[in-house]
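Have a look at the structure below before the remarks.
Please treat every number below as a calculation from the coordinates, not as lab data. Computed from a predicted structure; not experimentally measured. For neighbour counting, all protein chains shown are included, and Cβ atoms are generated from backbone atoms with ideal geometry for every residue, glycine included.
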Amino acid sequence: MPHTSLTDPNAELPIDEDTWAVSILRKPKGSYSEHTFIVVEGENQFGKIIFCRYDLVIDEDSPDNKYKIIIKPSGDCQEGYAYDDASLAREGLINTLLRKQDIVGFTWSIAKSKAKLLANNIAQSAKDQGSYSLFGLDAVIPKSGKFMQAISPTSGAAISGIVQKSAGMEGDDQFAASLSSPGHNCFTWARWQLYQLDLPQIQNDLPRQLTDFVISVTSRHLNALDEEPTSGNCLML
């Protein structure tokens with residue numbers, strides 16, 4: 001059932017069994033407006049429109065500040081959530097994956113083989129379960145190992161109160177680890193996964209910025225026309 005991308009109707013990208021689409025998105029009006037996630041849209045061998053979503057979030061049960069990957073639906077994302085026609089697919093996309101909220105981001109056309117590569121890479125990332133960092137992988141400060149030593153108890157407590165509330169973190173230890181350990185946040189992880197598809201257009205649309213070497217903030221890369229970038233965090237669903 002060939003159709004035009006439902007994830008980003010403005011992109012007008014054709015979708016069929018061999019040509020899929022991938023999007024990097026955020027919801028500016030959501031509870032966690034800086035959270036980034038990936039949505040893949042395609043068509044299976046039975047002609048049904050399918051979607052799947054990938055998120056990196058903090059693993060709150062991890063004692064050493066690891067992230068975890070949430071895949072919706074769980075299992076083989078090549079099948080995804082399947083719909084018989086475009087109207088049902090659009091309704092399912094909004095209700096199931098986007099939760100009826102506005103989105104901003106980029107959508108690109110990709111071959112089905114690239115969608116499969118992305119699914120395999122993310123599955124491996126889920127097994128590896130690396131460290132989570134508020135700053136993102138490109139940030140220099142956590143890699144120096146001196147950041148937390150430079151924060152006074154007073155200023156550290158003030159930062160902690162703001163960030164922990166938005167991040168859903170429990171306890172100062174988890175907060176401190178997210179600052180002092182190098183690792184991905186949701187944006188740098190999503191961008192890295194897309195970079196591995198080796199498509200120039202994706203790298204052109206999502207370049208590394210100088211500010212990424214301090215902290216990678218999603219809204220500096222994915223923002224609405226009337227929106228000012230924030231210093232918030234991209235931490236939870």
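Numbers at a glance
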| item | result |
| --- | --- |
| Given Lys29/Lys112; Lys27/Lys66; Lys29/Lys114, the pairs whose alpha carbons are separated by over 28 Å | Lys29/Lys112; Lys29/Lys114 |
| Amide H within-cut-off set for Trp20, under 5 Å, with H built and near neighbours excluded | Ile110, Ala111, Lys112 |
| Amide hydrogen neighbours beyond the local backbone of Gln129, cut-off 5 Å, H modeled | none |
| From phi via Karplus (6.51, -1.76, 1.60), per-residue ³J(HN,Hα) for segment 103-117 in Hz, x at Gly/Pro | 10, 9, x, 10, 10, 10, 7, 9, 6, 4, 4, 5, 4, 5, 4 |
| Karplus (6.51, -1.76, 1.60) ³J(HN,Hα), θ = phi - 60°, over segment 24-37, in Hz, Gly and Pro reported as x | 10, 9, 8, 10, x, 9, x, 4, 10, 5, 9, 6, 10, 8 |
| Nonlocal amide H pairs with Phe135, under 5 Å, H built at 1.01 Å | none |
| Cα-projected label distance for Leu210 with Ser87, points at 7 Å along beta-carbon direction, nm | 5.3 |
| Least to most buried among Ile94, Ile50 (fewest other Cβ within 10 Å first) | Ile94, Ile50 |
